[in-house]
């Protein structure tokens, strides 16, 4: 269960990642593919966020946006929904179970 304090903290973490996206996202280039990778790492129950940019005839560029340590799965959903309010990039999830990916697709990718 996520408390009110946790919701405020996760919204701030989401705003921090949005601030990083604002710095790197340029909407004036045509035929560019953007997506966000969310990587789960088990020892500390943390998540790392990467912003990927793919331009035609260029290599893919992966920019680290930040990481969240000691974060529950419910808090991750709040962070991703906070990012989703401003940006509608594709989310790619690494190292999640099928059950978690199904829940993420239902609650975040709406």
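Throughout, read-outs are computed from the coordinates displayed, never taken from laboratory work. Computed from a predicted model, the values in this text were never measured in an experiment. Virtual Cβ from ideal backbone geometry, glycine too; neighbours counted across all protein chains shown.
Figures for the structure shown
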item: Residue tally, condition in contact with a strand residue (DSSP E or B) (Cβ under 6 Å, 6 or more places away or on another chain) and in a helix (DSSP H, G or I), over the stretch 69-103; result: 2
item: The stretch 87-110 residues that are loosely packed, with under 13 Cβ neighbours inside 10 Å, paired with ones that are part of a loop (DSSP other than H, G, I, E, B) (beta carbon under 9 Å, 6 or more apart); result: 90/109; 95/42
item: From the options 6, 70, residue that is more than 20 Å from residue 92 (Cβ to Cβ) and touching a residue at least 60 places away in the same chain (Cβ under 8 Å); result: 6
item: The stretch 17-46 residues that are in contact (Cβ under 8 Å) with a residue 24 or more places away in the chain and at positive phi, paired with ones that are part of a loop (DSSP other than H, G, I, E, B) and loosely packed, with under 15 Cβ neighbours inside 10 Å (beta carbon under 7 Å, 6 or more apart); result: 31/56; 45/70
item: Residue that is farthest from residue 89 (Cα to Cα), among those in the stretch 19-51 that are surrounded by fewer than 17 Cβ atoms within 10 Å (Cβ to Cβ) and touching a helix residue (DSSP H, G or I) at 6+ places or on another chain (Cβ under 9 Å); result: 45
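To keep it simple, each residue is scored yes or no on (1) under 13 Å from residue 21 (Cβ atoms); (2) under 11 Å from the mean Cα position of the chain (by Cα).
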site	(1), (2)
47	no, yes
57	no, no
62	no, no
66	yes, yes
72	no, no
75	no, no
